[in-house]
Amino acid sequence: MTIPEIKAALPITTVLAHYGLEAGPKGSLKCPFHDDRAASMKVYPDTNTAYCFAGSCEVQSVDVIDFVMHMEKCDKRAAILKAKELCGGPVVTPTTKQTGPTLDLAAIYEESLAGMERTPSGKEYCTTRGLDITGIGYRSRKAKERWGRGCIIFPLVDKGCVIRGLYGRAVKGGGHYYTPDRAGLYPEYPDITTTTLLLTESVIDAASIMGLLEGVTVLALYGTNGLTAAHRMEVKGLPGLAEVVLALDGDAAGRKATGAITAEIKALRSGIKVTTLVLPEGEDLNGMWISHADEEAGWLQDLYKGRRAVGEEQANENKLADGLDDEARALGQLTVKAHYLEYLGMAARYRVRGGIRGGAESLKVSLQIQSTGQDYRAKVDLYEYKQTVSLAERTAGVLDLRKDQVLDDLRRLTDLLEAHRETAATAPASPGSHPRQRPHMLPGERAAVLSFLRRPDLIDELGEYLGRAGIVGEQRSRLLLYLVALSHGTDAPLHALVQGTSGSGKTHLVTKISELLPPEDVITLTRVTDSSFYNYGREDLKYKLIVLEDLDGLKEEALLAFRELQSRGRLTSSTSIKDESGNIRGVVRTVEGPVASLAATTHGEVYEDNLSRCLVVAVDESEEQTRAVVDYQNRRAAGLVDVAGEMSLKLFLRNCVRLLDRSLTVVNPYATAVALPAEASKLRRLNALYQSFVRQIVLLHQHQRSRDRAGRLIAEVSDLKAACELLFDAIVLKVDELDGALRFFFDRLKNYVLERGREYEFTRREVRQALRISKTQQHAYLTQLLELEYIKQVGGYANRGLTYKVEYWDDSAALRARLKADLNAQLARIEQQAERHGTPGRTPEAA
């Protein structure tokens, strides 16, 4: 066990009980390190520390190892060994009465799920550990109950999937916390048909590999001593269980625990096969998962195929001595390992995990520093002098090393990493490189998702699912926006702009759509400062969906950056930095895309360059839609809406996104056979958006479409028909002179006037009251219609009211009918040709 693991596994209350000490109800006790008469020491179970407030005490702040060292009057090494012994013993809890109420586990977990969605700390920690945040919560440091504050939260469930315990992992300090009277298993009890059971050392290890090994059920132990009665009952009771695979850490403690657990399992069930995954020295499953962040799960398959019966792996340790000469040769050099970069310095061994982050102006790394069987982990920017010196001080203190030697090692490591990055930057990129799609789901969930994606009526069923997930009405718009959002992982993403008046539900619509995608893929922004897009890390926005809740709040500089992300797929800016010598010099910062986007606006007139890059969607502001929304709100308030069912559908649709491979290439053999209306605004860009939308529909149907010899998906006529159907309103808006909200108002105004005669004259107040709109909206609409000469002023007085009449009686219904007929005729010709000749089986070879 490492020092951090000992500190996490050994409660301070256990150490106190071992020495016959007990804190009072408020955590106070007499300090054992000086003649204390006033209970000057305060115990902090949440951080596993104690502090003496007496000025005469030389000890003051202590953790569990320091406490043992001072009580035993021994050196640090002896204290560590003693603390490890205490870890193996029973955990003694204080006998003070419980003053607080029993924890409501389900409520805490539900609250933590919401906390994960709104709190960056939990998401950032999960990102550093390579964890999908689905099903993982985060407890705020300001939560009402003290338990689990500042921790990511995992549920421990019984056989009925009812939460019986919670596990919390502190995002700072690495502490481990379980709820009192811990019970339950993670992620869930094994199915009765389980034949192979894989036990990991920690919950985070299990969360990392869950669902990646087909036919293998993953179950988390709770540390090296964490084989509980529930684990034992499952090992003993599963009727078809043939093999138990142990996947404990590749260190001395993990190997020792592997032997002990094997003996216990064989005592429980004679004749069962027990094997172990042979992890590299100092590795754990989560660390290897992070190291392979840019790869598929083949590394885990190889590790699993190479598993050995417990005892055989010991022979490999004998080979370590043969590597001493190799280590001597590697001293002072940077070695590229399969899972990390390694540098063997004069003071310690340094492993760089997860690669080098940031642009050329920084050198951000995650370091694992090892010495004499101990290790220390930290994140640091090696270009920041203060961070580097601080890291050297902390490392020297934890690992008992010389600070100057550690600092020299870090300087040398910085030089080597710079050279390594330069070499990697000039290396040719591998073809088809694309971010890994991580299907983090159980085998049963995967089968359900695949079955859904293979349905012949997938588009219709998807629309139905969107409605059941809580999106009321907007049948065509919700499908269109969901497909736009799905494009965020492709190299040709789409962008949509939702227009509507204030209170029409446009922001609600884009927010509900974004909630149906994996949270780690979505960046939702309420406000954007002028230069904030330029200040993201190089790949922080790559393949993300950006949701702008209010496009109107963006200033011109922010809009310019957003437009460049949409069209070029990257941002470049020249800025000034101070180099190591203190000189100011210019550097080029790059923020990589591409990104997809959803944005909402109340403006009918949007800057043309912003409008032309997007598919424009008008919110349905009809009375029927208003009644449907109000009815849903009332039913939800009355408890008649299945909220749990909506959440289940959201999770299901997120898994659909995870299982789609958006790096596939699509070929549309009918691309030249469909011509969009020539009078459409910015026809070139509209046509590009249309072709990208067809590609997105084909990708959605990738489990149903055939492929050519180059492995590219081939579009079918039904894909073009679906694209034309879903994009029809957006195409009309590109042809119509009026935007969606203004067109809706003008059509209502014409109907009102027609009921009274084409020459009827109306006043502003009359229209405002008849159509039930606000004075601000009415003023904006009438002003635009006057400017466009659709209406004109015919009389009245400024102080007593003006009168107007409709001047231009356009026919929007006829326009829609004409466009619809033209597109349907083109599609009919394509369909007839396909029936005679079939879908082209041979497409041009890939370049």
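The values are calculated or read from the model by the stated rules, or taken from the named source; none is laboratory data. Bear in mind the structure is a predicted one, so any value in this text is a computation, not a measurement. All Cβ positions, glycine included, derive from the backbone under ideal geometry; neighbour counts span all protein chains shown. These area figures cover heavy atoms from the full protein model, side chains too; ligands, DNA and RNA do not enter into them. Shrake-Rupley method; radii C 1.70, N 1.55, O 1.52, S 1.80 Å.
Being in contact (Cβ under 8 Å) with a residue 40 or more places away in the chain, surrounded by fewer than 18 Cβ atoms within 10 Å (Cβ to Cβ) and part of a loop (DSSP other than H, G, I, E, B), is that true of even one residue in region 649-664? Yes: region 649-664 contains one or more residues that are in contact (Cβ under 8 Å) with a residue 40 or more places away in the chain, surrounded by fewer than 18 Cβ atoms within 10 Å (Cβ to Cβ) and part of a loop (DSSP other than H, G, I, E, B).
Taken together, the residues in region 185-211 that are in contact with a Pro (Cβ under 8 Å, 6 or more places away or on another chain) and open to solvent by 10 Å² or more (accessible area, probe 1.4 Å) amount to 4.
For every residue, the table says whether it meets (1) closer than 22 Å to LYS544 by Cβ; (2) in contact (Cβ under 8 Å) with a residue 60 or more places away in the chain; (3) open to solvent by less than 10 Å² (accessible area, probe 1.4 Å).
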site: ALA448; (1), (2), (3): no, yes, no
site: LEU453; (1), (2), (3): no, yes, yes
site: GLU464; (1), (2), (3): no, no, no
site: VAL472; (1), (2), (3): no, yes, no
site: HIS488; (1), (2), (3): yes, yes, yes
site: PRO493; (1), (2), (3): yes, yes, no
site: VAL498; (1), (2), (3): yes, yes, yes
site: SER502; (1), (2), (3): no, yes, no
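Looking only at residues that are within 25 Å of the chain's Cα centre (by Cα) and of a type in the set (Asp, Glu) in region 550-571, which one is farthest from VAL510 (Cα to Cα)? Of everything passing the filter in region 550-571, GLU564 is farthest from VAL510 (Cα to Cα). Say whether the condition of being at pLDDT 85 or above, open to solvent by less than 20 Å² (accessible area, probe 1.4 Å) and hydrophobic (A, V, I, L, M, F, W, C) is met by at least one residue in region 610-623. No, the conditions are met nowhere in region 610-623. Of the strands (runs of 3 or more DSSP E) lying entirely inside region 465-580, those containing at least 3 residues that are closer than 18 Å to GLN696 by Cβ are 495-499, 544-548. Does LEU640 fit the bill of being open to solvent by less than 30 Å² (accessible area, probe 1.4 Å), modelled with pLDDT of 85 or more, part of a loop (DSSP other than H, G, I, E, B) and over 30 Å from GLY553 (Cα atoms)? So LEU640 does not fit the description; no. Does any residue of region 690-708 turn out to be within 30 Å of TYR790 (Cβ to Cβ), open to solvent by 20 Å² or more (accessible area, probe 1.4 Å) and either at pLDDT below 80 or assigned to a helix (DSSP H, G or I) (or both)? Taking every residue of region 690-708 in turn, none turns out to be within 30 Å of TYR790 (Cβ to Cβ), open to solvent by 20 Å² or more (accessible area, probe 1.4 Å) and either at pLDDT below 80 or assigned to a helix (DSSP H, G or I) (or both). Checking each residue of region 68-78 against the condition of being modelled with pLDDT of 85 or more and crowded, with 19+ Cβ neighbours inside 10 Å gives at least one match. Pairing each residue of region 34-58 that is more than 23 Å from LEU10 (Cβ to Cβ) with any residue that is of a type in the set (Ser, Thr, Tyr) and modelled with pLDDT under 80, provided the two are 6+ apart or on different chains, yields C-beta distances under 8 Å for HIS34/SER56. Residues that are closer than 18 Å to LEU726 by Cβ, under 24 Å from the mean Cα position of the chain (by Cα) and open to solvent by less than 20 Å² (accessible area, probe 1.4 Å): does region 677-686 have at least one? No, there is no match, as no residue in region 677-686 is closer than 18 Å to LEU726 by Cβ, under 24 Å from the mean Cα position of the chain (by Cα) and open to solvent by less than 20 Å² (accessible area, probe 1.4 Å).
Conditions tested, residue by residue: (1) more than 23 Å from ARG658 (Cβ to Cβ); (2) open to solvent by 40 Å² or more (accessible area, probe 1.4 Å); (3) of a type in the set (D, E, K, R).
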site	(1), (2), (3)
SER514	no, no, no
VAL522	no, no, no
THR529	yes, yes, no
SER532	yes, no, no
GLU539	no, yes, yes
TYR543	no, no, no
LEU548	yes, no, no
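Looking only at residues in region 384-425 that are free of Cβ contacts under 8 Å to residues at least 60 places away in the same chain and not in a helix (DSSP H, G or I), the one that is farthest from MET346 (Cα to Cα) is GLU384.
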